[in-house]
């Protein structure tokens, strides 16, 4: 499948039952040889060890802008590996999809530190994980104090995000001028909390807020 792809193209390996052992092949054939621009690895069986293999190969690809790992098993340790590799000024990755990977606030701590440094990431997808209000605060603090490039943040289906995040999110939206989309569908927010967020979002130009 990889050999059929063009150099610098999208390589779609979704739902291929891939494991950590397969990542050596993916790295050599897709990331290094094909210099892929997008690597899609949704719905496989990749853990933190496989992600470490991928993260170690970032410096061998000057084109990779999109990495999607939705519905794997990378956990907080995998997030740590990715965050370490992306905490450099020469990173060009623009979209990172980490939905449905059992990521907790510990993993968010690594991501928050990374986005304080990373200057390329535009889209961060964290749907359907185990993020709580504490994790939201970590992200929000990093975004409004230190990040000027993130445009899209997906937090939908994190059931432990509650009204306790609202004040932090409002403060983030007031101070940050780069974020253009915030997705929070199917979180545990009251109608009052949603209304407060809608009100602040209306004061921003070309901003999209989804519940």
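The values are calculated or read from the model by the stated rules, or taken from the named source; none is laboratory data. This is a predicted model, so every value here is computed, not measured. Reconstructed Cβ throughout: ideal geometry from the backbone, glycine too, with neighbour counts over all protein chains shown.
Here are some notes:
- Residue in the range 61-73 that is in contact with a helix residue (DSSP H, G or I) (Cβ under 6 Å, 6 or more places away or on another chain), within 28 Å of residue 116 (Cβ to Cβ) and not assigned by TED's automatic domain parsing to the domain that holds residue 179 present: yes
- Those residues of the range 19-30 which are touching a helix residue (DSSP H, G or I) at 6+ places or on another chain (Cβ under 7 Å) and under 18 Å from residue 61 (Cβ atoms), in sequence order: 23, 24, 27
- Identity of the residue in the range 17-34, out of contact with any strand residue (DSSP E or B) (no Cβ under 8 Å at 6 or more places or on another chain) and surrounded by 16 or more Cβ atoms within 10 Å (Cβ to Cβ), that ends up farthest from residue 101 (Cα to Cα): 29
- Residue check for residue 171: more than 18 Å from residue 148 (Cα to Cα) and surrounded by fewer than 16 Cβ atoms within 10 Å (Cβ to Cβ): no
- Apart from one condition, residue 3 fits all of (1) touching a helix residue (DSSP H, G or I) at 6+ places or on another chain (Cβ under 8 Å); (2) crowded, with 16+ Cβ neighbours inside 10 Å; the exception is (2).
- One residue from 150, 121, 126, 138 being out of contact with any strand residue (DSSP E or B) (no Cβ under 7 Å at 6 or more places or on another chain) and at pLDDT 95 or above: 138
- The set of residues in the range 142-161 being surrounded by 16 or more Cβ atoms within 10 Å (Cβ to Cβ) and over 21 Å from residue 101 (Cβ atoms) consists of 144, 147.
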